[in-house]
Amino acid sequence: MSAQSQERFLDEILSVEEGNAFLQYIVSRLRGSDYRGWHVSQHNRYALAEIEIIVQAIHDVVGADGDFAIPPRDAKDYAGLPGEFADFANILGLSRRGMGKGTINSLKKNFFPDMDRMGFLDRSKKRSLRQFPRPVPHGKLTETALAFLSAKGDLMKKYKIFTDGIDRLFGNKISRLAETISLSDYATEAISIYEFMFILSDKSEDLDKIEILGAYRSLGKYQKKNVIKLIKRYADPDQFGDKASKRDFHNWKNQIQQMMGLLKATVYFDVVPNRAMRMNALRLDASDSGFFVQRPSRSATPKREYFSFHGVEKKERFELHHIVPFALARNKKEAKVIDDHMNLIYLQKAKHKQISENRNDNVVLDIDPNNAKFSDFDSNSTITATNKKDALYSDDAGKVKQVQRYNAGLLKSIFDYPKEPQK
């Protein structure tokens, strides 16, 4: 396909509805080399039970403090070597019996790298073995993995630890996405696979995904079908001669389906059938093992209460921010007090991004009618937002004190901060 023909498909997408923000956005995204957005390196569909089986197998073989040698090359290169990899072979055998599947290479090349990134396995140490000229990596369970195993009787705790691990695979984007959706008008609604694929999977922290989602939903049913058809025609890999510029709709969609499988395994999201589209959709999880306390109407309440309490209006390029973030809740009780308007502040996007880039560690609030300061527990990092400029909140001293007290109460109840002085 010529470049001119490819541009014609993009022009047709724009012409579906003149001036529609989603259509303008998706054309721009399709032109970019990073059009697929979020990327998880191994693309494995993990279930909590599978990770638990492997962690338990490691614990059964080497214990809480032991480590084991990980074969450095493909299976055919070390098959039959004596001794050095006996622990690895035993871990593989237990894992295979528990999961009903598993190979040497799937364990060492797929599961172990991702379990390392999830915080369950430490592969940083290398030691020498007799038959290898260079030191080989050794695996060891982390404190997170041991806490995960010890949470057998506490389903919510176990799911929360697992969710945090999956979140690390996504570059800590899952909790931010859950927060964004919960504070939007779509908190109680299912998100279709195409909405996640075309909009929510975008890596950009600056994009107003909710606004773009609204523009997509404003299109008529026929218009949406036409847009999807045009995107498929444009992103046909057979029409691209240059590999570097190739677009592949079906691989992109498969990647999103794998991600949705991972999201379903967290406490934040559930995947439900979308009968209209004959495929699955994503929604916030309010089940017994989920994070959100109620689905019908509650999750939008803190947002409305914030604007009512502080007497401020919505403003372009401002976003609501949980001062103590969702990701720090360990159970539904803590989730409920975190998802409260007293734990929200309306920040300018750049200031919100600054806090997010510091891994949301700035949870200690020092606020007065003029400034809100967000620090980490050690006061090594402080980010200041000026009221009426970087932040929008009430300048009534009494209301500001209420917000300050609420933050202090959250920090004390969840983190025991500040710590009680030693006697």
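Details
- Single condition Gln258 does not satisfy, out of (1) at pLDDT below 85; (2) farther than 20 Å from Asp34 by Cβ; (3) not in a loop (DSSP other than H, G, I, E, B): (2)
- Count of residues meeting criterion [among the hydrophobic types (A, V, I, L, M, F, W, C), under 30 Å from Gln257 (Cβ atoms) and modelled with pLDDT of 95 or more] in the range 55-95: 3
- Given (1) farther than 19 Å from Arg330 by Cα; (2) charged (D, E, K, R); (3) open to solvent by 50 Å² or more (accessible area, probe 1.4 Å), index of the condition Asp114 fails: (3)
- Comparison of Ser299, Ser289 shows that the only residue that is modelled with pLDDT under 85, within 16 Å of Tyr186 (Cα to Cα), open to solvent by less than 80 Å² (accessible area, probe 1.4 Å) and in contact with a helix residue (DSSP H, G or I) (Cβ under 7 Å, 6 or more places away or on another chain) is Ser299.
- Qualifying residue in the range 3-17 (condition: open to solvent by less than 60 Å² (accessible area, probe 1.4 Å), at pLDDT 85 or above, over 18 Å from Gln239 (Cβ atoms) and of a type in the set (Gly, Ala, Ser)): no
- Test: residue in the range 20-37 that is small (Gly, Ala, Ser), at pLDDT 95 or above, in contact with an Asp or Glu (Cβ under 9 Å, 6 or more places away or on another chain) and under 30 Å from Arg217 (Cβ atoms): yes
- The set of residues in the range 132-158 that are touching a Gly at 6+ places or on another chain (Cβ under 9 Å) and among the polar types (S, T, N, Q) comprises Thr142, Thr144.
- Residue within the range 217-237 that is in contact with a strand residue (DSSP E or B) (Cβ under 8 Å, 6 or more places away or on another chain) and among the small types (Gly, Ala, Ser) present: no
- Filter pass, Ala151 being of a type outside the set (Phe, Trp, Tyr), open to solvent by less than 20 Å² (accessible area, probe 1.4 Å) and free of Cβ contacts under 8 Å to residues at least 60 places away in the same chain: yes
- Single unsatisfied condition, Glu143 versus (1) open to solvent by less than 70 Å² (accessible area, probe 1.4 Å); (2) modelled with pLDDT of 95 or more: (1)
- Note on the range 97-111: residues that are of a type in the set (Lys, Arg) and surrounded by 17 or more Cβ atoms within 10 Å (Cβ to Cβ) amount to 1.
- Odd one out for Phe132 among (1) part of a loop (DSSP other than H, G, I, E, B); (2) at pLDDT 90 or above: (2)
The values are calculated or read from the model by the stated rules, or taken from the named source; none is laboratory data. All values reported here derive from a predicted model rather than from experimental measurement. Neighbour counts run over all protein chains shown; Cβ positions are idealised from the backbone, glycine included. To get the accessible areas, we keep the full protein, side chains included, count just its heavy atoms, and leave off ligands, DNA and RNA. Shrake-Rupley method; radii C 1.70, N 1.55, O 1.52, S 1.80 Å.
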